[in-house]
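Here is the structure we will look at.
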Amino acid sequence: MTVQPEQERASETGCWCCGTKYPEAELVRLGQHPEVGVCLRCARWLQRRAVQRHDEHHPSPTARLHAGIRAVQSAVIRKGWHERGMLGGVLRWIDRRLP
């Protein structure tokens, strides 16, 4: 049995969520489980799901605001507006800055 050099193993690291291969610098490691690496895109998705779950368990005006934002996001995606030229670019820019 041969051992791969450290450099080769690091280049083969993939996201545990989507399975895509990423360099180590583009992965977020979980504190108690450093073997788990999640890409930045999936980490953002997980953060949004965590906020949604928190809002479901802790109703508040902020939770209602988040629910409204999610409803608008779903409608935009359902209608395909995020894929339309300049309008799509503006909508994606807004989406990157929302909670």
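Read the figures in this text as sums done on the coordinates, not as results from a lab. In this text the structure is predicted, and so the values were computed from the model without any measurement. Glycine gets a Cβ as well: all are built from the backbone with ideal geometry, and neighbour counts include every protein chain shown.
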Practice item. Would you please state the base-10 log of I(q)/I(0) at q = 0.14 1/Å for the range 10-58, with intensities from the Debye formula using one equal scatterer on every alpha carbon? Key: -0.38
Check your understanding: Relative to the longest principal axis of the chain, what angle (0 to 90°, nearest 10) does the C-alpha long axis of helix 85-96 take?
Key -> 70
Check your understanding: Arg41: net charge of surrounding residues, Cβ under 15 Å, Lys/Arg +1, Asp/Glu -1, itself excluded?
Key -> +4
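Net charge near Glu56, counting Lys/Arg +1 and Asp/Glu -1 over other residues with Cβ under 14 Å of its Cβ?
Details: positive: Arg48, Arg49, Arg53, Arg64, Arg70; negative: Asp55.
It works out to a net charge of +4.
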Revision key, fill the gap. The answer for trypsin sites (Lys or Arg not before Pro) in the range 21-91 that fall in a DSSP coil and have at most 16 neighbouring Cβ atoms within 10 Å is Arg84
**Study point:** For mean projected area of the Cα convex hull in nm², calculated from these coordinates, the label among (i) 10.4; (ii) 5.5; (iii) 9.4
**Key:** (iii)
Review point. Once the Cα atoms of helix 61-79 and of the chain are each reduced to a long axis, what angle between those two axes, in degrees from 0 to 90 to the nearest 10, is obtained?
Key: 80
Point to revise | For Trp16, distant residues with modelled amide H under 5 Å away | key: Gly37, Val38, Cys39
